[in-house]
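The values are calculated or read from the model by the stated rules, or taken from the named source; none is laboratory data. Since we're looking at a predicted model, the values are computed, not measured. We place every Cβ from the backbone using ideal geometry, glycine too, and count neighbours over all the protein chains shown. Note: accessible area is taken over every heavy atom of the protein model, side chains too, but ligands, DNA and RNA are not part of it. Shrake-Rupley method; radii C 1.70, N 1.55, O 1.52, S 1.80 Å.
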Amino acid sequence: MNVKTLETLSVIDPRVEFSRNPLGVDELKPRFSWIPVHSDRGQNQKAYRVIVSSSMESAEKGIGDVWDSGVVESDSNIVEYSGPQLKSFTRYFWRVKWWDGNGRESKWSEVVWFETAILDSKEWRGAWIGGGQLFRKEFTIEKDIAEARIYIAGLGYYELRVNGVKVGNKALDPPWSEYDKTIYYSVYDVTDLIKKGLNVIAVMLGRGRYSQKFRKVKYYDEPKLLMMIRIAFKDGGVEYIYTDESWKCLEKGPIVDDDIYRGFKYDERLEPYNWDKQGFDDSSWRNCLKVSPPRGALRSSAVIPSTKAVATIKPREVYNPKPGVYIYDFGQNITGWVRLKVKCFGECEVKIRYAELINADYTLHTKNLRGADATDVFVLKGYGEKIVEPCFTYHGFRYAEVSGISYPPSIDDIEAVVISADLEPIGSFVCSSKMINDIHRLCIWSLRNNLNNGVQTDCPQRAERMGWLGDAWLSSDSAILNFNMVKYYEKIVRDIMDSQKEDGSIPDVVPPFWEFYPADPAWGTALIYIPWVLYVYYGDKRIIEEVYESAKKWWSYLYSRSKDGVLYFGKYGDWVPPGRVRSVENSPFEIVSTWILLRDAKILREMAKVLNRIEDAGYFDNIVRSLTDSFNKAFLHGEGKSSGYCSEYKAGDGSTICLGNSQTCLALPLAEDIVPSDRVEHVVSRLVKSVKNEWDKHFNVGIIGLKYVPEVLAKYGYTQLVYEALMQDTYPSFGYMIKESATTLWERWEKLTGSAMNSHDHHMFGSIDAWLYRWLAGLQVVEPGFKRFRVLIPDIQGLNSVSTSIYTIRGLVSISWHKDDEKSLIVELSIPVNSVAELIIPRKSGAEIYEGETLIWKNTAEEDDTQGVISIRELNDKIVLEIGSGKYRFTIKWSG
Ligand code: BGC
């Protein structure tokens, strides 16, 4: 192998289960992935080889003593482990290399590792214990420690300390789940914390969702703890320390109350001094009780992005509406809590309340929290300065009220802690329009604020915060384009499967803390849609394999409720359009529900194909056909120019009225290409007329419509119209929210206050962010996993440039286009190895296209073999360039 070869091919970012060096994997067949890099253009991976070794040394020598895939001819860069059964508690080292189309070989990747957790539940030691808020266990270690790990499941939430030091940086752990089916445990490397000699493990439990007692929220049981420490000694021996009745428990500790909605109440006087350190006298504590284990199976959370503090924000303003009451404005609606430095001498009680809004007199406006007290209280002994912040709760807020201290805390003493799932940001988007950038910013904040606790909640502030499935799937494309969502969504999909009943039904809210069965079809579709978009963006079929039977069962459940191919069942439909919550008159449930049934049959057909289930694919193909017919038969009314989609009802006077023809009703069938071809034009023009004329370039849609109306308009060439609707700042529009000081997306198009349903931090309208990526940046996946993608440069008056990048599963895709005037366009592209892009640009008269300095097109393709450019052709009013991997700079010049 010569030096040049080494430079040309390399491999970066090797991961296991989409994570870097994960500690505590419990997948029996973890997936490896990597990114091939090549200095030449137009490259594909022809083969790969993965080795897994038992030691760093073997891996470095290129010896796969655990597993050697051999040279496998494949362009896949996600590969399942298929060596002998992995062992628990073991660190494996691995690396990968690849070959390009010319048979050139890359050097090995760096050596990376993954460590297994508990692969067989029988290997768990210890019992579930309870009966306390504080738990402690002292033990003595006599030998030299090589490695130490803690495996812990503390329900509802826990905080873990070893020798007085907090372990890890997770907040609100473990992630929520359907605890009757799955309990997540965490794995920590505590080698540096556990010492030879006397040690103490201290755990504080909170109630979380598992033990929540709040109105109709599902209550599982009182808090409980399972934990195991595994210590490997330098002499090769292993010792386990685990929860049992020898642990000491303090029943009533310093936490007077902790609840997700109510907040956190802490009394320092009740916290025994140094209870979490060695040598504390716990003789007055009672022995913990062995309690019945929760029903769910234990599963490692190691590769699921955990919730943690991701930023802090200083207040922008402070108000003093009443004596002793201080209101801080953090300038941004966030999820998290306040951290406050309190100086009190003598006992004091500090109170922090939270809200998204303030009243005209600068007091907090908490009515829209609907019964969530959102109040943290700290009773302090008053020994001087102390930093307080809650745990086991969180709040959605922009404003915080501090009271109970006799002086106004200075800006230095207070900050807001932003929490969120630790999701790797992979996407970026910026363009020449401030409005569009602002919309993008609101979408990102609302997504972030609602991605925590292993769930995608509807909102972070009121007495709700549930994993509403409608909200989740609607913004899933947006989330996936901005964050590495694969493990997070796999977890959510498993939660849905865990919540499924025998009859196939699933609930609206998952985990089912509110047991709303069966889901509205347009909510339950999350079980089908989310795995499918994961497949589309990641190109990995594992999640489809896993979900398929369950998805089919849910679909069949709904299908069994349909009559003559129409599904009348619905609960929310095109939820929260302008002026109302339900939109039955404009978008009847049966239109939305039947459309979902049909769309999901299509997805199932595609899944069946991917899984090679030929018979099923045929079955769903027939279903799609018959549902298409029944949909049109039931809802397509009118002739020619009056063609539209509505549902007939008998009015009181016996006459027939047809409800529908809303923007949503018109867009849905167009989105799935089921409108008979001779009617398409009329349905499109009716939709355009509604948005453009009747609604003066505004969308009259709920959350379903918002995902599909802009999409369909763009698909039929009305990108300019969508852009103009997005530039509006009058009601109903995103611009209106922004003009009215929104920093996150509202639940309703209206600016509402009071106790009605009006969260100011819902992410479901955030589906629009995917539209920005798809139609303004122009990035659209054609073949799963970005194997082939489209870069469709839009022709929009008023928009001069867009830059975007996505760190895809194949590597970095970036697009930056810039229009100087109507006569020139510059497009810079970066395409990863193994991908092909179709760059599509408007064909105007006298076009010349340069790549770098080379003319490659002048009215027709020039004789040229620019490396990486596979073909250039005209297609209607477009020019299409097919391009292989590499970096490119195209300049397009038009004469007229
Ligand atoms: C939630 C929504 C949810 C809806 C169902 C609301 O309370 O906040 O986002 O999808 O109920 O209709």
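Overview of values
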item: Full-stretch length increase - R561, Y407 - with 0.36 nm per residue and alpha-carbon distance subtracted; result: 49.1 nm
item: Net charge contributed by nearby residues that have their C-beta within less than 9 Å of G263 (K/R +1, D/E -1); result: -2
item: Residue-count net charge about R582 - beta-carbon cut-off 10 Å; Lys, Arg +1, Asp, Glu -1; result: 0
item: Which of Q461, S76, G660, positive extreme of dipole for the chain (C-beta unit charges); result: Q461
item: Only Lys, Arg (+1) and Asp, Glu (-1) charged, at Cβ; the chain dipole about Cα centre in debye; result: 900
item: Cα-centred dipole magnitude for the stretch 427-776, charges only on beta-carbon of K, R (+1) and D, E (-1), debye, nearest 20; result: 400
item: Heavy-atom accessible surface of the chain: percent carbon and sulfur, 1.4 Å; result: 48
item: For the chain, with +1 on Lys and Arg beta carbons and -1 on Asp and Glu, the positive-most of F569, G131, S767 along the dipole; result: G131
item: Extension gain from K823 to E245, taking 0.36 nm per residue of separation minus the Cα-Cα distance; result: 200.2 nm
item: Ordering of 746-756, 708-718 by packing [mean C-beta count within 10 Å, highest first]; result: 708-718, 746-756
item: Sites D13 and K641 - FRET efficiency at Förster radius 51 Å, r taken between beta-carbons, to 0.05; result: 0.40
item: The chain - accessible surface per residue (Å², probe 1.4 Å); result: 37
item: Cα-based reach from K29 at 18 Å (exclusive), listing aspartates and glutamates while leaving out same-chain residues under 8 positions away; result: E17, D65, D68, E80, E115, D120, E490, D540, E545, E546
item: Axial C-alpha extent at least 24 Å, average Kyte-Doolittle at least -0.5 - helices from the chain (DSSP); result: 589-610, 614-635
item: Dipole-positive endmost among A634, L670, W514 within the stretch 427-776 (Cβ charges, Cα centre); result: L670
item: Computed lengthening from L752 to E142, 0.36 nm per intervening residue step minus Cα-Cα distance; result: 213.2 nm
item: At R0 = 45 Å, FRET efficiency that the Cβ-Cβ distance of D281 and S82 yields, to 0.05; result: 0.25
item: Too-long pairs where the Cα-Cα distance tops 21 Å, listed order kept, from K224/K487; K858/K893; K218/K252; K308/K381; K265/K341; K314/K351; result: K224/K487; K218/K252; K308/K381
item: Pair K29, K322: separation of 7 Å Cα→Cβ label points (nm); result: 6.3
item: Probe 1.4 Å - accessible area at W695, Å² to nearest ten; result: 80
item: Long-range HN-HN contacts of S55 with modeled amide H, under 5 Å; result: F93
item: Helix-only [θ]222 nm of the chain, DSSP H runs n ≥ 4, -39500 (n - 2.57) each, per residue, nearest 500; result: -6500 deg cm²/dmol
item: Whole-angstrom gap from the stretch 628-707 to the stretch 248-289, using each part's C-alpha centre; result: 61
item: Where labels lie 7 Å past Cα in the beta-carbon direction, separation of K166 and E123 in nm; result: 3.1
item: Hydrodynamic radius by Kirkwood, which averages 1/r over all alpha carbon pairs of the stretch 77-121, in angstrom; result: 12.8
item: Cα-based reach from K107 at 19 Å (exclusive), listing lysines while leaving out same-chain residues under 8 positions away; result: K4, K46, K61, K97
item: Around A634: net Lys/Arg minus Asp/Glu count, Cβ-Cβ under 9 Å; result: -2
item: Lysines with Cα under 24 Å of K234, excluding same-chain neighbours fewer than 8 positions away; result: K87, K137, K143, K195, K196
item: Estimated D of the chain in µm² per second, where Rh is the Kirkwood radius over Cα pairs and Stokes-Einstein applies at 10 °C, 1.306 mPa s; result: 54
item: Separation of the K434 and D865 label points, Cα + 7 Å toward Cβ, nm; result: 5.2
item: Cysteines in the chain that, by Cβ-Cβ distance, have no pairing candidate under 4.7 Å; result: C391, C431, C443, C459, C665
item: Student exercise, the stretch 592-661 dipole from Lys, Arg, Asp, Glu Cβ charges, in Debye to nearest 20; result: 140
item: Whole-number percent relative contact order across the chain, with pairs defined as alpha carbons under 8 Å at least 6 apart; result: 10
